[in-house]
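Each remark here refers to the structure printed beneath this line.
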Amino acid sequence: MPNAYKNPRGHDAVRRWCSQTLARGDFPLTGTAVDTSAGHVQLASAGSGRPRVVVVPGTGSNAAVALPWLRALSARWATTVVDLPGQPGLSDPHRPRRTRLAWYGRVLDEVLTATQMDEVVLVGNSLGAAVALAAGSPRIAARALISPAGFIRLSVDPKLALASAIWLLRPTSDHTRRMLRLFVAPTEDPPETDVEWMTLMAGSCRTTLAPPPLPTELLARRAELPCVVGVGEHDRFLPPRRLAPAVHRTMNLDLRVLPGMGHLTTPQHLDDVVSLVAQVAD
């Protein structure tokens, strides 16, 4: 199975960055690991009460990168962030070459079983939304999907493709910042933590292709549970005008367009995320 990292040095650098970032968290959190068929999976948790919210981050993300999500959501609900295996972070680095969404869905089901979480609200972001849809555990009570993959193929315009290629070939902070400006709203600057992380990731990790749409039949079955779907009005990967018809056609849901947000959910937009999650969690 392919490894998420280019070499052992990259693996060590990513683990060190994640561990140090979590250690600097300014709120109480705990870390645990569970064994799955995909190897060990690392979890970061905070908060208390019910329901249990489980966050599944996007491509190249993890609990350390999603620390602002964990802080915002755990202020209201008991929240756990999953470091997906095969993605940069603190979980097993291996991933399959094919049928990755089905594989990730099974791994997430195993995590819920191993931790004995029940009545779970899955919060999926980008790739994590597609994984949340692929998972079919009876422990899942509802889903909140933010900037979700799994419905349509992601759009990559020439400007974004060029900025991404330069970032991968020469991962400097300036090149990363220039690319990430296309991930946020036109009036925003990307957070420096994301710039630092994405620069490290480009130099240390192997990239993965964007996930394909999930089967229509599976999406129809997932519509049997409560679900909300939101996307930023400035999302270049998942433009609302393309995403909205697909969400309505497959799950009979109205897409919530989050004002002033791009594909990257920056801290100033997390109140909108919390409000979206509350529609299925409360």
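Counted by Cβ distance under 11 Å from GLY260, the other residues give a net charge of -3, where Lys and Arg count +1 and Asp and Glu count -1.
Each Lys and Arg Cβ is given +1 and each Asp and Glu Cβ -1; about its Cα centre, the range 125-247 then shows a dipole of about 380 debye. This model, with +1 at the C-beta of Lys and Arg and -1 at the C-beta of Asp and Glu, gives the chain a dipole about its Cα centre of some 800 debye. Here the 3J(HN,Hα) profile of the range 206-218, calculated from phi with Karplus coefficients 6.51, -1.76 and 1.60 at θ = phi - 60°, is 8, 7, 10, 6, 5, x, x, x, 7, x, 4, 5, 5 Hz, Gly and Pro shown as x. Rounded to the nearest 20 debye, the dipole magnitude of the range 1-121 is 440 debye, with +1 charges on Lys and Arg beta carbons, -1 on Asp and Glu beta carbons, and the Cα centre as origin. Based on every Cα atom in the range 70-224, Rg and the maximum pairwise Cα distance Dmax equal 16.8, 46 Å.
Remark on LEU258: its backbone amide H falls under 5 Å from those of VAL231, GLY232, GLU233, a criterion applied only to residues 5 or more positions apart or on other chains, H modelled at 1.01 Å from N. Our Cα-only numbers for the range 1-132 put the radius of gyration and Dmax at 13.8, 41 Å.
Counting helices only, and only those DSSP H runs with n ≥ 4, report the 222 nm mean residue ellipticity of the chain as the sum of -39,500 (n - 2.57) divided by its residues, in deg cm²/dmol to the nearest 500. Counting only the DSSP helices, I get -12000 deg cm²/dmol. For the range 71-87, putting each phi into the Karplus relation 6.51 cos²θ - 1.76 cosθ + 1.60 with θ = phi - 60° gives couplings of 5, 5, 6, 6, 5, 10, 9, 5, 10, 10, 10, 9, 7, 5, x, x, 10 Hz, in residue order, rounded to whole numbers and with x for Gly and Pro. Each residue of the range 275-282 was assigned a 3J(HN,Hα) from its phi angle through the Karplus expression (A = 6.51, B = -1.76, C = 1.60, θ = phi - 60°), giving 4, 5, 4, 4, 5, 10, 8, 8 Hz with x at Gly and Pro.
Using the Cβ atoms and a cut-off under 12 Å, what net charge is assigned to the surroundings of ASP282, where Lys and Arg are +1 and Asp and Glu are -1? Once positives and negatives cancel, what remains is +2. Give me the base-10 log of I(q)/I(0) for the chain at each q in 0.08, 0.14, 0.15 Å⁻¹, Debye formula, one uniform scatterer per Cα, rounded to two decimals. Once normalised to I(0) and log-transformed, intensities are -0.29, -0.98, -1.15.
Of MET261, PRO85, VAL231, which is farthest along the charge dipole of the chain in the positive direction, counting Lys and Arg as +1 and Asp and Glu as -1 at C-beta? Selected residue: PRO85.
Quick note: the coordinates plus some simple rules give every number you see, no bench work behind them. Just so you know, these numbers come straight off a predicted model, no measurement behind them. Cβ: placed from backbone, ideal geometry, glycine included. Neighbour counts: every protein chain shown.
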